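One structure is given below, encoded as structure tokens.
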Amino acid sequence: MELLVTIISASLISNVVLSRFLGICPFLGVSNSVSTAKGMGVAVIFVILISTAVTFGINNMFLEASGIFGLDLTYLQTIVFILVIAGLVQFLEMFLKKCIPSLYKSLGIYLPLITTNCAVLGVALTVSQDSTFSKFVTAMAYAFGTSAGFCIAIILLASIREKIENNDIPESFKGKPIVLVVACLMAIAFTGFSNLNIG
Amino acid sequence: MEDNKDKKSRKKTTIETKEKKPSFWSCILNGIINENPTLVLMIGMCPTLAVTTSVSNAIGMGLSTTVVLISSNAIISLIRNITPDRVRIPIYIVIVASFVTLVEFVIKAYFPVLNEALGIYIPLIVVNCIILGRAEAFAGKNNVILSIGDGIGMGLGFTFGIMIISAIREFIGSGAILGHSIVKEDFRAALFVLPPGAFLVLSFLTAIQNKLKLPSASNKKEGCNGDCLNCDIHKNDKVIKEEE
């Protein structure tokens, strides 16, 4: 039950894109069509889950005072995490290319872009700094909720963008401004979840 | 002998006229006006939208990004001749991350209020596209003085851009400028300090830019445009990969 609450609050109530503004670049850039949005969303879920598991382990084993070095190295979090994520994404790309070519074909082009997605580093840092996620299971539930929230938001935006493509939009709102207006309306809709009473 | 000297001097002059290196001041102005990262190039959107709820937050964020940008630009340009081309991106990331950690320490020690307000967005300066973008596009190719100038310009341009957005949001949303409340409570639209307001203000700013035909990422094909798939940086990566 507690895990379910974590997932729902991370994905809907404080949505990663629409209320915490992490991962705006792919949200606005790769949402031209539903199929690419789906690919990006699934790739983000994949990478966030794996990177959170790895950074959680590294943080607990090496960086915290209770780790094997016995020193409080948490100030190194930023440097270590960004390197681990960048390396992990590269490794994942090579692994998928070699072992699961079908998955690589559908996710491959999105993987290099994810390194610069601040949602990945954001989740890793939140999990290691917030004491509510000190257990591995809750941390993973939070990671899943956040990435699922990203997936939901980007697919919704892509479907709306496909619908309004041929609409009669004022000249100066064509292109980026109308996408931002759509994102604004979606954010208003998502603030409705903040009154959701769960748990 | 004289002929040789003549040739040499001629060579020098031709090189100078060919490259026409920009001056320190033109680099600074370029970042603030022509290629303003927030209003023209539209890169680094995450902090732009997230921390613009009040002007003081925006100034804090802008200045810390500026400090990181200047110092990382300087170091990257210092080591540009000994950086192997293949591993340059990880090297840039490590340099940027180190400076971000330093800035985080300073903010935690001297500005605890700002630290509370910005929270996780301070370490996330690492993944701000402006910093890696300038490292790749400018500091890796130009000398130290120019790179510092570019860092100052881009940093101040970013600060200036997010200050405009945050001033609009703070004034409409909480009826205040720099924390001094001006407007009565009945006339405030709290929506503007909530997340949707950020999208709304940015969309109207870009729409006004389109209307006035000012240069911006959405009416000019140059710049980042938020379109990561067709980004030049990744194009280069793809080319390198294909070559491999």
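Does residue A:13 meet the test of being at pLDDT below 85 and among the aliphatic types (A, V, I, L, M)?
Details: at pLDDT below 85: no; among the aliphatic types (A, V, I, L, M): yes.
So residue A:13 does not fit the description; no.
What residue, among those in region A:21-34 that are surrounded by fewer than 24 Cβ atoms within 10 Å (Cβ to Cβ) and more than 7 Å from chain B (Cβ to nearest Cβ), is modelled with the highest pLDDT?
The qualifying residue modelled with the highest pLDDT is A:34.
Tell me yes or no: at least one residue of region A:119-126 is within 14 Å of chain B (Cβ to nearest Cβ), farther than 24 Å from residue A:29 by Cα and of a type in the set (S, T, N, Q).
The initial filter retains those residues of region A:119-126 that are within 14 Å of chain B (Cβ to nearest Cβ), namely A:119-126.
With the extra rule that they be farther than 24 Å from residue A:29 by Cα, the set shrinks to A:125-126.
Subsequent filtering for residues that are of a type in the set (S, T, N, Q) retains A:126.
Yes, because at least one residue in region A:119-126 is within 14 Å of chain B (Cβ to nearest Cβ), farther than 24 Å from residue A:29 by Cα and of a type in the set (S, T, N, Q).
Here's a check for you: in region A:131-164, which residue that is of a type in the set (D, E, K, R) and surrounded by 14 or more Cβ atoms within 10 Å (Cβ to Cβ) is farthest from the chain's Cα centre (by Cα)?
At the first step, the residues of region A:131-164 found to be of a type in the set (D, E, K, R) are A:135, A:161-163.
Next, only the ones that are surrounded by 14 or more Cβ atoms within 10 Å (Cβ to Cβ) stay: A:161-162.
On the way: A:161: 21, A:162: 23 Å.
Residue satisfying both the conditions and the ranking: A:162.
Quick check on this structure: which one of B:48, B:52 is assigned to a helix (DSSP H, G or I) and more than 16 Å from residue B:150 (Cα to Cα)?
Working: B:52 fails: assigned to a helix (DSSP H, G or I).
None of the other options fit; the residue is B:48.
Any residue in region B:157-165 that is at pLDDT 90 or above, within 14 Å of another protein chain (Cβ to nearest Cβ) and surrounded by 15 or more Cβ atoms within 10 Å (Cβ to Cβ)? Quick ask: steps written out before the conclusion?
First pass over region B:157-165, keeping only residues at pLDDT 90 or above: B:157-165.
Subset that is within 14 Å of another protein chain (Cβ to nearest Cβ): B:162, B:165.
Checking which are surrounded by 15 or more Cβ atoms within 10 Å (Cβ to Cβ) leaves us with B:162, B:165.
Scanning region B:157-165 turns up at least one residue that is at pLDDT 90 or above, within 14 Å of another protein chain (Cβ to nearest Cβ) and surrounded by 15 or more Cβ atoms within 10 Å (Cβ to Cβ).
Being in a helix (DSSP H, G or I) and among the hydrophobic types (A, V, I, L, M, F, W, C) is true for just one of A:68, A:82. Which residue is that?
Working: A:68 fails: in a helix (DSSP H, G or I).
None of the others qualify; the one that does is A:82.
Within region B:104-125, is there a residue that is assigned to a loop (DSSP other than H, G, I, E, B) and either of a type in the set (Lys, Arg) or more than 11 Å from chain A (Cβ to nearest Cβ) (or both)?
Yes; the residues of region B:104-125 include at least one that is assigned to a loop (DSSP other than H, G, I, E, B) and either of a type in the set (Lys, Arg) or more than 11 Å from chain A (Cβ to nearest Cβ) (or both).
Which of the residues belonging to region A:85-110 are away from every other protein chain (no Cβ under 11 Å), under 25 Å from residue A:59 (Cβ atoms) and touching a residue at least 24 places away in the same chain (Cβ under 8 Å)?
A:88, A:89, A:92
Which condition from (1) within 13 Å of another protein chain (Cβ to nearest Cβ); (2) surrounded by 14 or more Cβ atoms within 10 Å (Cβ to Cβ); (3) in contact (Cβ under 8 Å) with a residue 40 or more places away in the chain is the one that residue A:175 breaks?
(3)
The values are calculated or read from the model by the stated rules, or taken from the named source; none is laboratory data. Remember, it's a predicted structure, so these values are computed and weren't measured experimentally. Cβ atoms come from the backbone with ideal geometry, glycine included; neighbour counts cover every protein chain shown.
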